[in-house]
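Working notes, beginning with the structure itself.
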């Protein structure tokens, strides 16, 4: 099936979709970006799987202006230190040395963002201890079994919230302190970069809408905002952890959006290929400058072009 080639000039596209080709198929960084251009995009977010070597081969196509880098996803470039990966405890580590490593890794991302002309850095700020991962797995399994309203679900969910809140209250001070250090670095360097705190895909991860609002309000900086992920929002709202009214209270603090379709507790699909859930976010997406499609490798080129065309037409109305 052949789809009409279109230009999606107002949308950015994340290398989350095709970074694996540079790891396993002998693609260069230039190949990765040219594949994105071939879908109809001239803007890209470089995700946390881009290594120094891949980045090096991206420079010519970026410097030529063929691709504009809109944002970087922390930690960037890729780090092999699993203590600093995107699902790590990060700014909530009890160990001060590990928190310091997380801060310095993020400063490195911020410096790269400035060098590449990016407008934002998307960051996963923390998780509660990995021991709470079991709640996420069990709640999602009950959801898939159609037991969202069951007594088993209610008991497990209540236990998860109590445990999560207790841990979160202990770690908020450390998270805010780390964010202050990052904002101080941006101010000192006079960078025109915004830090976006992203909502997450698992119930033990930080932040919730209310937690994000608390951090942003407390720090009160025009260099800090909320990065909305539509698929993550749908999943956490389906599980009962997030409330849409809480998102609306964050609306004027949203600095960027990761756009992808979701159904149930599965996400990172091309727009409108599984559901119409993105429609609920269109008013927000229209009012945000940084609109990034963050899709998984499971999506075909045909589905990406078809789904993005639907999205683009809706945004243009």
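The values are calculated or read from the model by the stated rules, or taken from the named source; none is laboratory data. Predicted model only: the values in this text are computed from it and were never measured. No Cβ is skipped: glycine too gets one built from the backbone with ideal geometry, and neighbour counts run over all protein chains shown.
What to note about this one:
- Among the residues listed as 284, 278, 304, 310, the single one being in contact with a strand residue (DSSP E or B) (Cβ under 9 Å, 6 or more places away or on another chain), in a helix (DSSP H, G or I) and surrounded by fewer than 21 Cβ atoms within 10 Å (Cβ to Cβ): 284
- Exclusive hit being closer than 28 Å to residue 305 by Cβ and in contact with a helix residue (DSSP H, G or I) (Cβ under 6 Å, 6 or more places away or on another chain), set 283, 271: 271
- Where strands (runs of 3 or more DSSP E) fall entirely within segment 1-73, those with at least 1 residues that are more than 23 Å from residue 124 (Cβ to Cβ) are at 68-73.
- All of 166, 213 fail the test of being at pLDDT 95 or above and either out of contact with any strand residue (DSSP E or B) (no Cβ under 8 Å at 6 or more places or on another chain) or part of a helix (DSSP H, G or I) (or both), apart from 213.
- Scanning segment 220-242 for residues that are at pLDDT 95 or above and assigned to a loop (DSSP other than H, G, I, E, B) turns up 220, 221, 222, 223, 240.
- Residue in segment 264-274 that is without any contact (Cβ under 8 Å) to a residue 60 or more places away in the chain, buried (at least 19 other Cβ atoms within 10 Å of the Cβ) and in a strand (DSSP E or B) present: yes
- Those residues of segment 179-210 which are closer than 29 Å to residue 272 by Cα and in a helix (DSSP H, G or I), in sequence order: 209, 210
- Scanning segment 120-131 turns up one or more residues that are more than 25 Å from residue 213 (Cβ to Cβ) and either under 24 Å from the mean Cα position of the chain (by Cα) or part of a helix (DSSP H, G or I) (or both).
- Out of 273, 236, sole residue that is more than 23 Å from residue 46 (Cα to Cα) and out of contact with any strand residue (DSSP E or B) (no Cβ under 6 Å at 6 or more places or on another chain): 236
- Residue match in segment 181-198 (condition: within 20 Å of residue 295 (Cβ to Cβ) and modelled with pLDDT of 95 or more): yes
- Test: residue in segment 16-39 that is surrounded by 18 or more Cβ atoms within 10 Å (Cβ to Cβ), modelled with pLDDT of 95 or more, farther than 16 Å from residue 300 by Cβ and within 16 Å of the chain's Cα centre (by Cα): yes
- Qualifying residues in segment 243-262 (those that are in contact with a helix residue (DSSP H, G or I) (Cβ under 7 Å, 6 or more places away or on another chain) and assigned to a helix (DSSP H, G or I)) - the one surrounded by the fewest Cβ atoms within 10 Å (Cβ to Cβ): 244
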